[in-house]
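A.B. asks: What follows is a single structure, and I will ask about it in a moment.
The values are calculated or read from the model by the stated rules, or taken from the named source; none is laboratory data. Remember, predicted model here, so these are calculated numbers, not experimental data. Methodologically, a virtual Cβ is constructed for each residue, glycine included, from the backbone with ideal geometry; neighbour enumeration extends over all protein chains shown. Please note that ligands, DNA and RNA were not included when accessible areas were found on the heavy atoms of the full protein model with its side chains. Shrake-Rupley method; radii C 1.70, N 1.55, O 1.52, S 1.80 Å.
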Amino acid sequence: VVVVQNASVLELKKALRRHFQLRQARQGGVQHLSWKYIWRTYHLTYAGEKLADDRKKLREYGIRNRDEVCFIKKLRK
């Protein structure tokens, strides 16, 4: 997924959403994913740190080119 260098976490989430929608359209898979459910159920993480603040820049988390972010399931309270 490609985002500008000074992108925020929210912009990364939007880019992920676009990427998955395009991929599903190309492959003819499920047409609709509930992103509200996904963001309620999973955290984006980088190097073990949750990307919790949508307004924070990716650079502040130390994310650079070709770095990998992961989804982890949120624990129940």
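A.B. asks: Could you list, in sequence order, all residues of the range 8-23 that are surrounded by 13 or more Cβ atoms within 10 Å (Cβ to Cβ) and not aliphatic (A, V, I, L, M)? Full working, then the answer.
C.D. replies: Of the range 8-23, the ones surrounded by 13 or more Cβ atoms within 10 Å (Cβ to Cβ) are 8-17, 20-21.
Within the range 8-23, S8, E11, K13, K14, R17, F20, Q21 meet the criteria.
A.B. asks: What's the number of the only condition in (1) under 12 Å from the mean Cα position of the chain (by Cα); (2) modelled with pLDDT under 95; (3) surrounded by fewer than 15 Cβ atoms within 10 Å (Cβ to Cβ) that R26 fails to meet?
C.D. replies: (1)
A.B. asks: Related question: When residues of the range 29-38 are filtered for being within 21 Å of V2 (Cα to Cα) and open to solvent by less than 60 Å² (accessible area, probe 1.4 Å), how many remain?
C.D. replies: So in the range 29-38, the residues within 21 Å of V2 (Cα to Cα) come out as 33, 35, 38.
With open to solvent by less than 60 Å² (accessible area, probe 1.4 Å) added as a condition, the list becomes 35, 38.
Total meeting the criteria: 2.
A.B. asks: Those residues that are hydroxyl-bearing (S, T, Y) and open to solvent by less than 40 Å² (accessible area, probe 1.4 Å), I need them from the range 39-49; list them, please.
C.D. replies: Step one: list which residues in the range 39-49 are hydroxyl-bearing (S, T, Y), which gives 41-42, 45-46.
Of everything in the range 39-49, those that are hydroxyl-bearing (S, T, Y) and open to solvent by less than 40 Å² (accessible area, probe 1.4 Å) turn out to be T41, T45.
A.B. asks: Let me ask you something else. Would you check if I63 is at pLDDT 90 or above and either touching a His at 6+ places or on another chain (Cβ under 6 Å) or among the small types (G, A, S) (or both)?
C.D. replies: Details: at pLDDT 90 or above: yes; either touching a His at 6+ places or on another chain (Cβ under 6 Å) or among the small types (G, A, S) (or both): no.
Judged against the criteria, I63 is not a match.
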